[in-house]
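What follows is a single structure, written as structure tokens, with notes after it.
The values are calculated or read from the model by the stated rules, or taken from the named source; none is laboratory data. All figures in this text were calculated on a predicted structure; none of them were measured in a lab. Positions of Cβ are generated from backbone atoms using ideal geometry, with glycine treated the same way; all protein chains shown enter the neighbour counts. For accessibility, only protein heavy atoms count, side chains too; no ligands or nucleic acids. Shrake-Rupley method; radii C 1.70, N 1.55, O 1.52, S 1.80 Å.
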Amino acid sequence: MDPSQVLAASTEITSAALAGDDPDAVLPLVVRSAAALAEADLGLAMLTADDGRLVVEASYGFGFDGDPVGSVLSSRSAAARAARGGVPVVTADVTTDPRTAPFVPKSLRGYGPFAVAPFGTRERKIGALAVYRKKGAAPFEPGTVDLLAAFAAQAGLAVVLAEGSTARQRVAVYQERERIARDLHDVIIQRLYATGVQLDLLGRRLGKQLDARESARLVEAVDQLDETIAEVRATVRALRSTDPGKPADRDLVDSVRAEVRIAGELLGFTPELAVEGDPTDVPAALSDHVRAALREALSNVVRHSGAHSVHVDLHREPHRLLLRVADDGCGIPRGVARRGLRHLEERAIAAGGSSEVTSSPRTGTTITWQVPL
């Protein structure tokens, strides 16, 4: 493996990441380059799941029992240990070495020489990058393993860059959708509603001065405005939906989980979520307020807190719905604009509830948002 080839491959991958490519599109390029640089018959990119196991997400070459993509490796496997510990593992035969043999999937038992390096950065451990040669082939040399580890670290940084770019694009899309939804809700709907009220009052004032046809046309105009308002409200719910592919009136808990998941992608770790009670009967309008409040609270955490842990609680009690978002970040600095927090309070008040914020540099920030049912 030539160091100049490593540099060239890393540059290509970094360019793809900076171009805004999705991480899922960058991974096949990473694994193909790793296999070529190591002169391997198979390369695998494995990402760490929440339970510590590794899932094969991209491959170059094929296993002897089909494509290994989707295979799951134990959290005790050599690849998982390399991903956690940051130290490469190499063996002359992956199927006989006691460190690796118990964890080799069926699709990989036709391979012998094996090397795996941690994939990612020190702060963002993504998984592992592994290469294999067929049984009987020469083992991987120490120099090859060292260069594989260097390439895995550089490629991991590129994937982290791609994740960040994708996350920023997603945030921009959600912010634009929220802006449009807010304009529709706060401006367009209000104007349509005011026009409808004025027409209705006009019809009452004129009373018998209008003939039957004119009166019917006025009533029809008011009805059309009501239908338009309903359609705009449905559009607002769709725009504020976390996943535009799902219906706007989906289960509140599902949408809360989606908001938490997206926040986790932006933070680099998944916030803890606790749901108590059954919020499935919460009215749609109130659910919209809850979704927007959670999005605003998590947005503040992502942008300002520097937190290492976040807890989200959703409690459905007999007479109220309580949302709490707590982080261990730096607290809210003095002099920082609190527009987002005002939006939270405005939404709570609009639904007859309240929003409280406690914050300090030592304990972080906790937002308690509650509305009556």
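A few notes on this one:
- Being surrounded by 12 or more Cβ atoms within 10 Å (Cβ to Cβ) and at pLDDT 80 or above is not true of Val236.
- Pairs, first surrounded by 13 or more Cβ atoms within 10 Å (Cβ to Cβ) in region 336-354, second of a type in the set (Phe, Trp, Tyr) and modelled with pLDDT of 85 or more, C-beta under 7 Å, six or more apart: Leu344/Trp369; Ala348/Trp369
- Close contacts from region 89-110, counting a first residue that is in contact (Cβ under 8 Å) with a residue 40 or more places away in the chain and a second that is open to solvent by less than 20 Å² (accessible area, probe 1.4 Å) and part of a helix (DSSP H, G or I), with Cβ to Cβ under 7 Å and a gap of 6+ residues or different chains, come to Val90/Val145.
- Residue that is modelled with the lowest pLDDT, among those in region 264-323 that are basic (Lys, Arg) and out of contact with any strand residue (DSSP E or B) (no Cβ under 8 Å at 6 or more places or on another chain): Arg303
- Glu356 vs. criteria more than 14 Å from Val253 (Cα to Cα), in a helix (DSSP H, G or I), more than 24 Å from the chain's Cα centre (by Cα) and not aliphatic (A, V, I, L, M): no
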